[in-house]
Amino acid sequence: MASSSFLHSTHPTSSSSAAADASTLLLRYTPDFCAFAPLRPTRQLTRARWAPTPRVPAPEQPQDADPCCADDASSLSAPTASPGAVLRVGIVGFGNFGQFIAAGIQRQGHAVLATSRSDYSDYCARHGIRFFATVEALCEARPDVLLLCSSILSTEAVVRTIPFHKLHPDTVVADVLSVKQFPRNLLLQILPPGFGIVCTHPMFGPESGKNGWNGLPFVYDKVRVAQDGDQAAKCEQFLSMFEREGCRMVEMSCAEHDRYAAGSQFITHTIGRILAQLDLKSTPINTKGYETLLKLSENTVSDSFDLYYGLFMYNVNATEQMDNLEMAFEKVKQMLYGRLHDLLRKQIVERVPIPGAPSVMSNEAQINAAGIPSSLL
Ligand code: NAP
């Protein structure tokens, strides 16, 4: 198992009173792109400590109009550090992905509390989740883990409204944003010192994970977690949920994640968005490759444009990848048109013998020399 390290990551240089905007948070931590550190070993489940223990979810009270009034906060704040205990995960941002991840947390026998900008109380009532009208009320219920599932674009505003003083002082704050340096820096800057920080990115979503999470990559960085005690145990318990779902656990720094994700996930989303602009249609003669493109286009646009824009805006590597993509397209065009140009030049210009020049080939020989198989002529 990868070891926890307390404060092993760099803190922001100062806690300036001026609110840093998103671009400051990104630029201040521009990674060293030359350093292609190898992936750290994937997390190993320590069977003895985390042996599967049947868990019974804590009975969450039914949703009230004002849940915080009904809470006895002290009874809810008891540490749940022992392995196999029910973890209470408070989700902030209960949209598409928040609901999807809540289902996995519940499958693992843990309790979900939720709050969001919109009212999801009906959905929560149907799914055994306690919904809170405000983030203050959720914090007063003192979850063990606060899991940020808001859009990348809204995260800074959302985090700045969280009354952290209402939470247990060793709460673990985690996020699932598809970019990682930005939330890492933001949380290091805003969170009180005792809070644990775990930045994660489940590399799957409601579409790719609809048939289970087995074998799907789960990236995490224990940015700031106590080495032992309740916080360490809660963090392990939180991560072990994904492990037990069969995810491939990849421990990686946030900077490394963003470097890899720009070259893989951002490119995938961009190609998917370009294909969607072409409005591709299924045909009676689809090849397997074309079927893959149709699926990619469909899957990509099922995510919000905010998510895609967040991948671009909040990953410092994204513009470089956009430029690479444009250059690659130009290069492919040049390869095609360059060859066509050679062919036409031979046909049009060299057709007429030039006195003193080497003898001219027949039209067919010229065309073959340009690389077109005679079978196609
Ligand atoms: P999204 O469009 O990125 O985010 C939607 C969520 O953000 C909803 O909970 C929404 O709240 C909240 N939100 C949006 N604007 C807000 C604002 N101005 N103020 C407060 N809350 C706001 O779509 P998503 O797919 O649900 O993604 C959520 C997070 O999960 C993102 O950070 C994303 O990067 C990450 N993620 C997504 C996937 C995926 O496959 N979709 C995979 C891995 C990670 P309301 O619904 O209450 O309006």
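Looking only at residues in segment 167-179 that are within 13 Å of residue 92 (Cβ to Cβ) and not in a loop (DSSP other than H, G, I, E, B), the one that is farthest from the ligand (Cβ to nearest atom) is 173. Within segment 280-314, the set of residues being closer than 24 Å to residue 149 by Cβ and part of a loop (DSSP other than H, G, I, E, B) comprises 303, 304, 314. Once segment 157-166 is narrowed to residues that are more than 28 Å from residue 262 (Cβ to Cβ) and within 12 Å of the ligand (Cβ to nearest atom), the residue that is surrounded by the fewest Cβ atoms within 10 Å (Cβ to Cβ) is 161.
Residues in segment 167-176: is at least one out of contact with any Asp or Glu (no Cβ under 8 Å at 6 or more places or on another chain) and of a type in the set (Val, Ile, Thr)? Within segment 167-176, one or more residues are out of contact with any Asp or Glu (no Cβ under 8 Å at 6 or more places or on another chain) and of a type in the set (Val, Ile, Thr). If you check 247, 199, 235 for being in contact with a Leu (Cβ under 6 Å, 6 or more places away or on another chain) and surrounded by 22 or more Cβ atoms within 10 Å (Cβ to Cβ), only one passes: 247.
For segment 317-341, the set of residues classified as surrounded by 17 or more Cβ atoms within 10 Å (Cβ to Cβ) and away from the ligand (no atom under 16 Å from the Cβ) consists of 321 only. Among the residues of segment 180-227, those that are away from the ligand (no atom under 14 Å from the Cβ) and basic (Lys, Arg) comprise 222, 224.
Going by the structure shown, is residue 238 under 30 Å from residue 192 (Cα atoms) and in the same structural domain as residue 105 (by TED's automatic domain parsing)? It is true that residue 238 is under 30 Å from residue 192 (Cα atoms) and in the same structural domain as residue 105 (by TED's automatic domain parsing).
Of the helices (runs of 4 or more DSSP H) lying entirely inside segment 207-279, those carrying at least 1 residues that are modelled with pLDDT of 95 or more, among the acidic types (Asp, Glu) and within 28 Å of residue 142 (Cα to Cα) are 230-244. Here 246, 289 are screened, and the one residue that is more than 16 Å from the ligand (Cβ to nearest atom), closer than 16 Å to residue 217 by Cβ, over 17 Å from the mean Cα position of the chain (by Cα) and without any contact (Cβ under 8 Å) to a residue 40 or more places away in the chain is 246. Taking the criterion of being touching a residue at least 12 places away in the same chain (Cβ under 8 Å), buried (at least 22 other Cβ atoms within 10 Å of the Cβ) and not hydrophobic (A, V, I, L, M, F, W, C), would at least one residue in segment 185-195 satisfy it? Scanning segment 185-195, I find at least one residue that is touching a residue at least 12 places away in the same chain (Cβ under 8 Å), buried (at least 22 other Cβ atoms within 10 Å of the Cβ) and not hydrophobic (A, V, I, L, M, F, W, C), so the answer is yes.
The values are calculated or read from the model by the stated rules, or taken from the named source; none is laboratory data. What you see is a predicted model; the values in this text were computed from it and never measured. Heads up, the Cβs are rebuilt from the backbone with ideal geometry, glycines too, and the neighbour counts pull from every protein chain shown.
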